[in-house]
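A short write-up of the structure that comes next.
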Amino acid sequence: MNKKLKVAIIGAGLVGNKRAKVIKDLNKEELVLVADIDKEKAKNFAETYNCQFTTSWQEVVRRKDVDIVIVATPNNFLPIYHQLAGGSKTKRH
């Protein structure tokens, strides 16, 4: 049996919830972590999808157990995340 890839989502809003629902419904990956600057929103999301939460997107990109990071934030934040995460240096795009 193949190991499930571990997924983290940055952004616990509408788009993040849609992505989490797909992950849960398909049951091919495991959602392990969500990050949102709103602690209550992140906590509620984590309770709904049975995962850990943080308010730090930096924690998400540093975690060695996360295989896939889904960025579900407004598009104007994407270049910032990519640059600060090290872009291709971390092999996470």
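None of the figures in this text is laboratory data; all of them are computed from the coordinates on show. All values derive from a computational prediction rather than experimental measurement. Don't worry about glycine lacking a Cβ; one is built from the backbone with ideal geometry, like all the others, and counts go over all protein chains shown.
Sparse packing (at most 11 other Cβ atoms within 10 Å of the Cβ) combined with a DSSP loop state is found for the following trypsin sites (Lys or Arg not before Pro) in segment 23-64: Lys28, Lys64. With contacts taken as Cα pairs under 8 Å and at least 6 residues apart, segment 21-66 reaches a relative contact order of 35 percent.
Pairs exceeding a 18 Å alpha-carbon distance, out of Lys6/Lys64; Lys4/Lys39; Lys39/Lys64; Lys4/Lys41: Lys4/Lys39; Lys39/Lys64; Lys4/Lys41. Net charge in the neighbourhood of Asp25 (other residues with Cβ under 15 Å of its Cβ; Lys, Arg +1, Asp, Glu -1) is +4. Quick one: net charge of Ile37's neighbours, Cβ under 14 Å, K/R +1, D/E -1? After counting each charged neighbour, the total is -1.
For segment 21-66, the gyration tensor built on C-alpha atoms gives an oblate shape. Its axis ratio a/c (a ≥ b ≥ c) is at least 1.5, and a/b is not larger than b/c.
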